[in-house]
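Only one structure is covered here, and it is reproduced in the block below.
The values are calculated or read from the model by the stated rules, or taken from the named source; none is laboratory data. Source: prediction; values computed, not measured. For neighbour counting, all protein chains shown are included, and Cβ atoms are generated from backbone atoms with ideal geometry for every residue, glycine included. SASA here: full protein model, heavy atoms, side chains in, ligands and nucleic acids out. Shrake-Rupley method; radii C 1.70, N 1.55, O 1.52, S 1.80 Å.
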Amino acid sequence: MKKIQISPSILSADFSQLGNEIKRLEDGGADMIHVDVMDGHFVPNLTIGPPVIKALKKKSSILFDVHLMISPVHKYIEAYAEAGADIITIHPEATEDLELSILKIKELNKKVGVSLNPETKIDTIIKFLEKIDLVLIMSVKPGFGGQKFMPEVLNKIKELKKIKDKKDLNFDIEIDGGINFENSKIAIEAGANILVSGTTIFKSNDGDIKKNIELLKSK
Ligand code: DX5
Ligand code: ZN
């Protein structure tokens with residue numbers, strides 16, 4: 001059984017203090033930080049890009065779990081690798097050739113993740129499972145923090161976990177969107193071993209990050 005890891009989403013952080021917020025997450029016991037990159041085209045929101053990630057990475061030693069909600073994505077992969085992303089997660093709908101984009105990320109010696117939107121079926125990525133390090137299951141429509149958890153995606157996680165166990169594969173299963181103290185346990189029981197959380201970690205218990213991370217892990 002893989003250790004449960006927490007990847008706080010900095011989308012819910014104070015953007016005027018991003019460096020300090022990442023320090024708070026490191027001190028609070030985060031296993032990595034989830035960096036939501038949005039281009040205003042693949043999703044109707046715009047956040048940060050390579051220059052900001054590069055500046056933040058210089059000041060921190062924690063793993064950067066970079067979620068690219070951008071399209072087209074292939075031509076930008078190298079820029080995020082150079083900026084310091086440790087895990088680069090892309091959406092199948094954002095590239096013309098998923099296999100080529102997966103190989104590109106591996107060539108750059110980064111961990112490769114593929115993200116499935118709530119409505120996207122697992123069939124889309126079955127044939128790539130041996131090649132990837134992480135599957136990111138969206139439990140909200142990508143684009144914004146603070147949305148309501150979509151429990152129907154748990155069936156996808158259960159199905160994915162079955163395939164993973166049957167084929168004895170080692171990819172991580174990460175769930176992203178609306179994760180809180182009420183649903184983190186069912187997400188873990190379904191088979192997720194990395195929980196992304198923004199609102200719950202930054203806003204619950206008067207923003208006590210350490211306590212919120214521990215509460216999510218302990219469920
Ligand atoms: C949404 C992002 C998620 C989101 C999670 O497009 O991919 O990572 O920021 O935030 P919460 O935990 O607030 O739903
Ligand atoms: Zn995300």
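Values as computed for the structure displayed
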quantity	calculated
Separation between Cα centres of region 16-87 and region 138-206, rounded to whole Å	19
Candidates Met138, Met32, Met150, ranked by Gaussian network fluctuation over the chain, Cα under 10 Å, top entry	Met150
Pair Gln17, Asn155: separation of 7 Å Cα→Cβ label points (nm)	4.3
In Hz, Karplus ³J(HN,Hα) per residue of region 58-75 (6.51, -1.76, 1.60; θ = phi - 60°; x = Gly, Pro)	4, 9, 9, 10, 6, 5, 9, 9, 9, 9, 8, 9, 9, 8, x, 9, 3, 6
Per residue value of the accessible surface for region 5-217 (all protein chains in place, 1.4 Å probe), Å²	44
Karplus 3J(HN,Hα) series, Hz, for region 140-150 with 6.51 cos²θ - 1.76 cosθ + 1.60 (x for Gly, Pro)	8, 6, x, x, 8, x, x, 8, 7, 4, 9
GNM flexibility winner over the chain from Ser139, Ser204, Ser12 (Cα, springs under 10 Å)	Ser204
Antiparallel bridge percentage (DSSP; both residues within region 5-217; nearest 5)	5
Most mobile listed residue (Ile163, Ile194, Ile90) in the chain, GNM with C-alpha springs under 10 Å	Ile163
Lysines whose Cα lies under 16 Å from that of Lys104, excluding same-chain neighbours fewer than 8 positions away	Lys75, Lys131
Normalised convex hull volume, region 5-217, alpha-carbon set, Å³ per residue	108
Percent accessible area from carbon and sulfur atoms, region 5-217, protein chains only, probe 1.4 Å	52
Inter-label distance, nm, simple model (7 Å from Cα along the C-beta direction), Leu100/Glu82	2.0
Net lengthening on full extension, Phe128/Ile163 (0.36 nm per residue, minus Cα-Cα)	11.4 nm
Sum of -39500 (n - 2.57) over DSSP H runs of 4+, divided by residues of the chain (222 nm, nearest 500)	-9000 deg cm²/dmol
Whole-number percent relative contact order across the chain, with pairs defined as alpha carbons under 8 Å at least 6 apart	21
Above-threshold pairs, the threshold being 32 Å between Cα atoms, out of Lys59/Lys111; Lys141/Lys162; Lys23/Lys162; Lys59/Lys164; Lys54/Lys210; Lys111/Lys210	Lys23/Lys162; Lys59/Lys164
³J(HN,Hα) computed for each position of region 153-166 - Karplus, 6.51 cos²θ - 1.76 cosθ + 1.60, integer Hz, glycine/proline x	6, 4, 5, 5, 5, 4, 5, 5, 4, 4, 5, 4, 5, 5
